[in-house]
């Protein structure tokens, strides 16, 4: 069984309830906590706006650092919560505004906050 360390940081902000769930992260990625992910047919990868496999739509935020160089792994994502937008890691072609719009369009309980 693989273990992972979770260290709360300043990614989560506000008082919106946080929900975490376990998903499959696609192979061939090294991602940091705060990466904005999209769902490519049940496998989550870094969301890039030019993708055409479903992952172009941001739908989750990675809860822990993950290395899938050796293959896909199961790990935790945030399914709801409020996030410091400056701490989010965005894929190619995305901006904080495009990510926020995708969250709103999907009625996802994920919120970005621009802190001073």
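Tabulated results
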item	result
Any hit, the stretch 13-22, residues being part of a loop (DSSP other than H, G, I, E, B) and over 18 Å from residue 111 (Cα atoms)	no
Residue count, the stretch 39-74 (criterion: touching a helix residue (DSSP H, G or I) at 6+ places or on another chain (Cβ under 6 Å) and closer than 14 Å to residue 88 by Cα)	1
Residues being under 12 Å from the mean Cα position of the chain (by Cα) and either within 19 Å of residue 13 (Cα to Cα) or part of a strand (DSSP E or B) (or both) - total across the stretch 44-81	19
Subset of the stretch 87-98 (residues that are in contact (Cβ under 8 Å) with a residue 12 or more places away in the chain, more than 18 Å from residue 52 (Cβ to Cβ) and not in a loop (DSSP other than H, G, I, E, B))	87, 89, 96
Selected residue (criterion: modelled with the highest pLDDT) from residues of the stretch 6-38 that are surrounded by fewer than 12 Cβ atoms within 10 Å (Cβ to Cβ) and in contact with a helix residue (DSSP H, G or I) (Cβ under 9 Å, 6 or more places away or on another chain)	10
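For (1) within 17 Å of residue 19 (Cα to Cα); (2) surrounded by 12 or more Cβ atoms within 10 Å (Cβ to Cβ); (3) in contact with a strand residue (DSSP E or B) (Cβ under 7 Å, 6 or more places away or on another chain), each residue gets a yes or a no:
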| residue | (1), (2), (3) |
| --- | --- |
| 69 | no, no, yes |
| 86 | no, yes, no |
| 91 | no, yes, yes |
| 99 | no, yes, yes |
| 112 | yes, yes, yes |
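The values are calculated or read from the model by the stated rules, or taken from the named source; none is laboratory data. None of these values were measured; they are calculated from a predicted model. A quick note on method: Cβ atoms are made from the backbone with ideal geometry, for glycine too, and the neighbour counts reach across all protein chains shown.
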